[in-house]
Amino acid sequence: MLGCVSQPQSVKANLPLVNPSFTHHLSDTNAGIPEGKAKAIPELNISANKAIVIEGNSYVVSNSYISALGNQCYRLKRQGRSGSTEVRPVCNNQTYWLLYPALVFSNTL
């Protein structure tokens, strides 16, 4: 019996991997991207522990981290009016930032 094995690249990450399938629907303009898919943001000035507004929503930015794919990322946290909290990642993809759908929602009543 013959076989072939390749060792995966070693990575260091403290957060779960963001599924790369979110990016396969991206286009240059993001026109027609369905809800729940990653959105490309070409120009984004982001700093840790600062507030940022994206598409009219205000987020608090976490410290940066390196994803398992090797990209610089931040977690964005937004408090909803109903007391819910939304957390979503944004990662640098060399020429633009990718804003991913919320990975975590929580309600505090």
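Here are the numbers for this structure:
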{"read-out": "For region 38-107, convex hull of alpha carbons as volume per residue, Å³", "value": "87 Å³"}
{"read-out": "Residue-span extension gain [Glu55 to Arg81] - 0.36 nm each, minus C-alpha spacing", "value": "7.7 nm"}
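Rule-based calculations on the coordinates, nothing more; no lab input. Owing to the predicted nature of the structure, the values given are computational and were not obtained by experimental measurement.
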